[in-house]
Amino acid sequence: MKMFLRRVWNRLADLRNKRVLYTIWFNFRNFPFDKARHLPVLFYNGAYATILQGGRLELTEQFWANNGRVLVGYPSLDFEYQCEKTHLNIVGGVLRLNGSLDVRRGCIVEIKGVCTFGEDVVFGPRCRVRVHNELLIGSTVRVAHETQIFDSNFHYVENVNEPGFNPISKPIRIGSYVWICNRSTVQAGSVLPSRTILASNSLLNRDFADLEPDSLIGGTPARFIKRGVSRVWDRKREFEYHKREFEWYRRMYE
C-alpha cells in the first residue's frame with residue numbers, strides 16, 4: 001500500500017508541475033498529427049519555447065527509434081530553488097535531435113545556427129547556451145548547472161591601426177560520454193572528445209581532439225590534468241555508491 005500511494009502521489013505531482021495545455025498546443029502546432037499525438041515535447045511550469053523566422057525543431061527517425069522525449073524546464077530540485085523561467089528559443093536556426101533532451105529549470109537556450117544532439121543529453125539548471133554558428137553534441141552527455149556554452153564572442157574587435165573583418169564565431173564539438181562540470185564556460189572553436197571530463201569552473205577555449213579517452217582537463221584556460229578517470233555512467237552502480245557513502249541517502253531510498 002505504501003508503494004502504491006507513493007506512485008499515485010508522484011504521478012499527481014508530475015501532472016501538477018507540467019504545463020499541460022501549452023504542451024498540447026506546442027506539439028500539434030509544430031509536428032504532424034501522427035507525431036504530435038505522442039507529445040514528444042513536454043513543458044513544465046515556467047517553461048516555454050519560441051520558433052521564429054523559419055527556425056526548425058527536427059526530431060529525426062533516430063529520435064523516434066530511441067523513444068526520445070524533450071523535457072523543457074524539468075524540476076529536479078537540483079540547485080534550482082526560486083529559479084527563473086526556462087526558455088528554448090529557435091530563431092532562424094535548427095535544433096536537430098537524435099534522442100532525448102532534458103533542459104532543466106532556469107536554462108536559456110538560444111539557437112540561431114545549427115545544433116545537432118545525440119541521445120540522452122542533459123543540461124542542468126541555469127545553463128546558458130547560445131549558438132550562432134554550429135554546436136554538435138554526442139550521446140550521453142551531462143552539462144552541469146550554471147555552465148555557459150557560447151560559439152560566438154558576440155562583439156567584433158579589430159586592430160585600431162589596421163581595421164578589418166575578423167570572424168567572431170566557430171563551431172563547437174562535444175563527443176559522447178562527456179561530463180562538463182558546473183560553472184564552466186565553453187567558447188567558440190572548442191573541441192571536447194568522447195569520454196572526457198571538464199572540471200568545475202573551467203574555461204574551455206581550444207581544440208582537445210587529440211586527448212586520450214578517460215582524461216580529465218580543467219583550469220582557466222583548461223589544460224590536461226590526468227588520464228584514467230571516468231564518470232560512473234551506470235545509474236545502478238552510482239546509486240549503490242551513494243548508499244554506501246551517505247546515511248541520509250540510505251534513509252531516503254530504503
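The values are calculated or read from the model by the stated rules, or taken from the named source; none is laboratory data. Owing to the predicted nature of the structure, the values given are computational and were not obtained by experimental measurement. For neighbour counting, all protein chains shown are included, and Cβ atoms are generated from backbone atoms with ideal geometry for every residue, glycine included. Heavy atoms of the whole protein, side chains included, go into the accessibility calculation; ligands, DNA and RNA do not. Shrake-Rupley method; radii C 1.70, N 1.55, O 1.52, S 1.80 Å.
Contact order for the range 95-233, expressed relative to its length and based on alpha carbon pairs under 8 Å spaced 6+ residues apart, stands at 16 percent. What are the lysines whose alpha-carbon lies under 20 Å from the alpha-carbon of LYS18, with same-chain residues fewer than 8 places away excluded? The reachable lysines, counting only those whose Cα sits under 20 Å from LYS18, are LYS35, LYS85. Apolar share of the accessible surface for the chain: 52 percent from carbon plus sulfur atoms, 1.4 Å probe. The relative contact order of the chain comes to 10 percent, based on Cα pairs under 8 Å that sit 6 or more residues apart. Other residues within the sphere of radius under 10 Å centred on the Cβ of PHE43, judged by their own Cβ, net out at +2 (K and R +1, D and E -1). Within the range 168-200, the trypsin sites (Lys or Arg not before Pro) that combine a DSSP coil assignment with at most 16 other C-beta atoms in a 10 angstrom radius are ARG183. Helical content of the chain, expressed as a calculated mean residue ellipticity at 222 nm, amounts to -6000 deg cm²/dmol (DSSP H runs of 4 or more residues, -39,500 (n - 2.57) each, divided by residue number, nearest 500). Calculated accessible area for the chain comes out at 57 Å² per residue, all protein chains present (probe 1.4 Å; ligands, DNA, RNA ignored). Each Lys or Arg adds one and each Asp or Glu subtracts one; over the other residues with Cβ under 14 Å from the Cβ of ASP151, this totals +3. Among the listed options (i) 0.93; (ii) 1.05; (iii) 1.09, the one matching Cα Rg over 2.2 N^0.38 Å as calculated from these coordinates is (iii). Here the calculated FRET efficiency for LYS236 and ALA65, from their Cβ-Cβ distance with R0 = 22 Å, stands at 0.35, rounded to the nearest 0.05. With one equal scatterer per alpha carbon and no solvent term, the Debye-computed log10 I(q)/I(0) for the range 127-223 at 0.11, 0.17 1/Å reads -0.32, -0.69. With K and R counted +1 and D and E -1, the other residues having a Cβ less than 10 Å from that of GLU212 yield a net charge of 0. Simple point charges give the picture: +1 on the Cβ of Lys and Arg, -1 on the Cβ of Asp and Glu, and for the chain a dipole about the Cα centre of about 1060 debye.
For the range 221-227, backbone phi angles converted through the Karplus equation (6.51, -1.76, 1.60; θ = phi - 60°) give residue-by-residue couplings of x, 5, 9, 5, 10, 6, 10 Hz, Gly and Pro being listed as x.
Listed by chain and number, the lysines whose alpha-carbon sits under 25 Å from that of LYS170, ignoring those within fewer than 8 places in the same chain, are LYS112.
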